[in-house]
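Peer 1: One structure, as structure tokens, below. Some questions next.
Values in this text are rule-based calculations from the coordinates and carry no lab data. Everything quoted here is computed from the prediction, not taken from an experiment. Cβ placement follows ideal geometry from the backbone for every residue including glycine, while neighbour counts extend to all protein chains displayed.
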């Protein structure tokens, strides 16, 4: 497994574990970005609780799965977006209006795209989930 994009690795690990019906998933390495993305996924009720454990290397994350994920993944290349063109990316990465979330990195931190629209700020696309 390539460790060039840890966020992509963790999202695909979560998706694969969901597809085979597992209730828990253990992933590594851990980083602030990954924990922020998992925090949004938990807030949107795609995953249950998760714990970050220090193993002396990169850290390990234990994630409780709820079976609510149809698809998730990173957005490559990490395109910039503005309020004007966010709708184009919603149509590209989400199956229907009001269904799913694009996770974005903004000057206000890592937030769901709906929050970025409400705060009227742009940023970079990180991942999608529905």
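Peer 1: Using 1/(1 + (r/R0)^6) with R0 = 30 angstrom and r between the beta carbons of residue 84 and residue 45, what's the FRET efficiency to the nearest 0.05? Display every interim value, and only then the final one.
Peer 2: Numbers: r = 30 Å, r/R0 = 1.00.
Calculated value: 0.50.
Peer 1: Taking Cα pairs under 8 Å and at least six residues apart, what relative contact order does region 33-108 come out at, in percent? Numbers along the way, then the final one.
Peer 2: Details: 48 pairs, mean separation 14.8, N = 76.
Worked out over region 33-108, it gives 19 percent.
Peer 1: Follow-up question, since we're still on this one. Pull out the extension gain between residue 53 and residue 26, defined as 0.36 nm times the separation in residues minus the alpha carbon to alpha carbon distance; nm, one decimal.
Peer 2: So the chain would gain 8.7 nm between residue 53 and residue 26.
Peer 1: Starting from the Cα of residue 16, step 7 Å along the direction of its Cβ; do the same at residue 62; then give the gap between the two resulting points in nm.
Peer 2: Distance between label points: 2.1 nm.
Peer 1: Separation between the residue 99 and residue 71 pseudo-spin-labels, each 7 Å from Cα along Cα→Cβ, expressed in nm?
Peer 2: 1.1 nm
Peer 1: Once fully extended, how much extra length lies between residue 119 and residue 36, figured as 0.36 nm per residue of separation less the alpha-carbon to alpha-carbon distance?
Peer 2: 28.0 nm
Peer 1: A further question follows. Quote the relative contact order of region 6-65 in percent (integer), defining contacts as alpha-carbon pairs under 8 Å separated by 6+ residues.
Peer 2: The value is 38 percent.
Peer 1: Hey, what did the chain get for relative contact order, percent, Cα under 8 Å, at least 6 apart?
Peer 2: With pairs under 8 Å counted, the relative contact order is 24 percent.
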